[in-house]
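Each remark here refers to the structure printed beneath this line.
None of the figures in this text is laboratory data; all of them are computed from the coordinates on show. Since we're looking at a predicted model, the values are computed, not measured. Every residue, glycine as well, gets a Cβ built from its backbone with ideal geometry; the counts of neighbours run over all protein chains shown.
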Amino acid sequence: MANKLNIKVIVEDIPLDLQVATPEEEKMYRDAAANIQRRIQKLRDVYPQVPHDKYYYVMAMLTTAFEAAKASEMANVGPYIDMMHDIEKEIESLGIK
């Protein structure tokens, strides 16, 4: 990766030094860090009695991973495109336009 940008994001008072390729990636990392921080704070507000802070971190990671998997599943339109091609072929074979 040529011309890497060195950035630092902070989550839970932990500075994370990163290298990114573009200013757009920098923004995405900064937004992601802010999102994680908000998520952890919300979990603290909703569940104030967990035994250790690491529970907030794990719950935030689990929720984030679940949402990413759900979004990825929703974005997988390949099977539907294949189905549409099959339907188009069937329609053509019947002479319907």
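For the chain, what does the helix formula give at 222 nm: sum of -39500 (n - 2.57) over DSSP H segments with n ≥ 4, over the residue count, nearest 500 deg cm²/dmol? Calculated mean residue ellipticity at 222 nm is -22500 deg cm²/dmol.
Taking a quarter of the surface of the Cα convex hull of the stretch 5-93 gives a mean projected area of 9.0 nm². Here Lys54 is the anchor, and the lysines within straight C-alpha reach of less than 28 Å, apart from those fewer than 8 places off in the same chain, are Lys8, Lys27, Lys42, Lys70.
Based on the Cβ-Cβ distance from Asn3 to Ala69, what FRET efficiency comes out when R0 is 41 Å, to the nearest 0.05?
On the way: r = 33 Å, r/R0 = 0.80.
FRET efficiency, Asn3 to Ala69: 0.80.
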